[in-house]
1. Mind pulling the angle between the C-alpha long axis of helix 498-513 and the longest principal axis of the chain? Nearest 10 degrees, somewhere in 0 to 90.
2. Hey, any idea what Rg/Rh is for region 454-502, computing Rh the Kirkwood way over Cα pairs?
3. For region 139-254, what D do you get in µm² per second when you plug the Kirkwood radius from alpha-carbon pairs into Stokes-Einstein at 25 °C and 0.890 mPa s?
4. With all distinct Cα pairs included, what does the Kirkwood hydrodynamic radius of region 377-516 come out to in Å, to one decimal, could you say?
5. Return the ratio Rg/(2.2 N^0.38 Å) for region 120-357, where Rg is computed over Cα atoms only.
6. Starting from the eigenvalues of the Cα gyration tensor, five times each then square-rooted, give me the equivalent ellipsoid semi-axes of the chain, largest first, whole Å.
7. What is the angle, in °, between the Cα long axis of helix 294-315 and the longest principal axis of the Cα atoms in the chain? Nearest 10 is fine, range 0 to 90.
8. Taking 0.36 nm per intervening residue step and subtracting the Cα-Cα distance, what contour gain separates residue 376 from residue 163 on full extension?
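Nothing in this text is a laboratory measurement; each read-out follows from the coordinates by a stated rule. Note that this is a predicted model, so its numbers are computed, not measured. When we count neighbours, we look across all protein chains shown, and the Cβ atoms used for this are built from the backbone with ideal geometry, even at glycine.
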């Protein structure tokens, strides 16, 4: 039965729905055929993120007054599942004859039921956020702030808005991400995906799932761009356009337009353009598909950013509204860009390539330096003595031995720098602590703990804005340190930012006590 239902949905995608007000037919066989057509049309509307159309079609289904048919229960289940009503959806899929097997909606609905049993709900004007109970609630206020800021930015830049709140489900493992999204686990593990927009929702991997965290705010904003574009164009915008706009807009939530040029392997991208007349975006599935090399994917995202930047520079800030309007009616992005630019795609592409090759880019991100290069007995002895003295609160002696270890070790691990800085702060040796941090911090590879140390240093120096900036850098990478939020609250309070201070206090309370 499940296989039959899948076939009906697969081969009926082009079926046309009846216009509003069409009376229900009396002939039973005709009613069954109409139900099949309406089922396919509902599936098509749901895949296009068009809930209004799906609801209109469901009303027509119910007006058929058919009872007990498996396909009728399947249609009801699909609508309930898309709305996040997992309990109701599971019941309908059982009545439709589905088994709880891989690649079935019953399996997905049951996974959703399990998730909601241990989830907390948080809500803002345009989003509903579900996070596992406990420390994950510390994410809620910050995540909703990022999403609402991104919503406002995209509405201002391209008119992307929605009357319905978007559901966002935060999970703590790749396994849960696979279970709630339907994407096979092995594919997720072989990619860097931490967020997926599927079935009318976003599923997002908590930064706690990865040791040291990751740039979760940018990734959350990035995925929302793809969802917003898919909803606005009824999923007609091709994947490469969604990815390119996401690359261009991912930092828009915190920056005025146009967004700043991100760090990327620009030299490698220019080298590719010198040797190939084909854009990586034209080979989207090869560049970003399963098994694609990470560097190739990075180049494709960088190219996507430049394509959108070039369009904006050519046609002004309203070009994205015009582009998405064209893509709402036809899925040929090359044709849409040609029409906007009044020239053939090949000519536009050549001009874009020439402009990119003539451009002087900043250096790309530096690889993290090797850590712990010197593991000599002398270094290990100094570190052992430093930690022993620090544990017994003999900070002067600890600082002495940390300084000797620092001189011996060169680029020592961040954990050593953090411990050294904490000792120096205890001694109020701020200048020395700042020099250690300056030698240790790297914009791309510094752990959250070092940014927290810098924030504490700025607090002791009464440099409130710099303290806030340092704590926010830590927050953007790993938000599960109570001292991060306590420090951020102090910095915000000192500047009169009571809203941020309150949010940070609530996050700290969650991490320390389990409740805000």
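1. Once rounded, one gets 90 degrees.
2. Numbers: Rg = 9.5 Å, Rh = 10.2 Å.
So for region 454-502, dividing Rg by the Kirkwood Rh gives 0.93.
3. Working: Rh = 14.4 Å.
Stokes-Einstein gives a translational diffusion coefficient of 170 µm²/s.
4. Values: mean 1/r = 0.0642 Å⁻¹.
Result for region 377-516 stands at 15.6 Å.
5. Computed over Cα atoms of region 120-357, the ratio equals 1.01.
6. Working: eigenvalues 464, 175, 84 Å².
Three semi-axes, in Å: 48, 30, 20.
7. Taking the Cα atoms of the chain, the angle to 294-315 is about 70 degrees.
8. Numbers: separation 213, 0.36 × 213 = 76.68 nm, distance 6.33 nm.
Net length gain for the segment: 70.4 nm.
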